[in-house]
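To start, the structure under review is shown below, and the notes come after it.
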Amino acid sequence: MIELAKLGAEGLRLEGTEASLPLEGKEALRDLHWSLFVLPSGADVFLEIRGRATWDCTCSRCLEPFDQELQITSQFLGSKDPELVARGSHALGTQDLDVVFLPETVIDELTQVREQFLLHMPMHPLCKDECQGLCPRCGKNWNKGRCNCPPESPKEPSALAKALSGLKLTFDNPAPGAESASRVREADAGKLDLEL
């Protein structure tokens, strides 16, 4: 635990390792190596988090478990100032940093490391770029060979889609204050009727 009020002007560097760090569900980080640097910056605090680990995850296409190597570097400014947080970024020296709301006076270094890994993880991890996924009918993993399911036939368009595809719509976009050409033609036709 780091007490922010007790940080010296030189800041604080910490390093650590974890054999396993649980994430969400059955997922976890293994062989985690991390370092954290915390530096006071007025009423705020600058944080730099670096780490590498193996992620026990599941492929989003074929649902097979696999290991993915992750390496992160994250720098941000922690602040209690709601106006600064609302701006979203802050220049510190030559760096433009993200600003994170950090109201705590004591922070847990492992919680900070875990959060940064979660933010850097891909939303849809793939076991390989060319993953074939699963058959939508029988669920067979196509990476292990094709199934005997017939290919899906293209869906017939609905009656509404067929009816709309035959329509030809045109739109008049007159200049502001001008009448459309069709309205002028209708008015002229009305005059002709009156004159007859």
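Laid out as a table, the results:
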| quantity | calculated |
| --- | --- |
| Considering residues of segment 1-31 that are modelled with pLDDT of 85 or more and hydrophobic (A, V, I, L, M, F, W, C) only, the residue surrounded by the fewest Cβ atoms within 10 Å (Cβ to Cβ) | ALA9 |
| Residue, modelled with the lowest pLDDT, within segment 121-133, restricted to residues that are out of contact with any helix residue (DSSP H, G or I) (no Cβ under 7 Å at 6 or more places or on another chain) and surrounded by 14 or more Cβ atoms within 10 Å (Cβ to Cβ) | MET121 |
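The values are calculated or read from the model by the stated rules, or taken from the named source; none is laboratory data. These numbers were taken from a predicted model, which means no experiment stands behind them. Note that we place each Cβ from the backbone using ideal geometry, even for glycine, and neighbour counts take in every protein chain shown.
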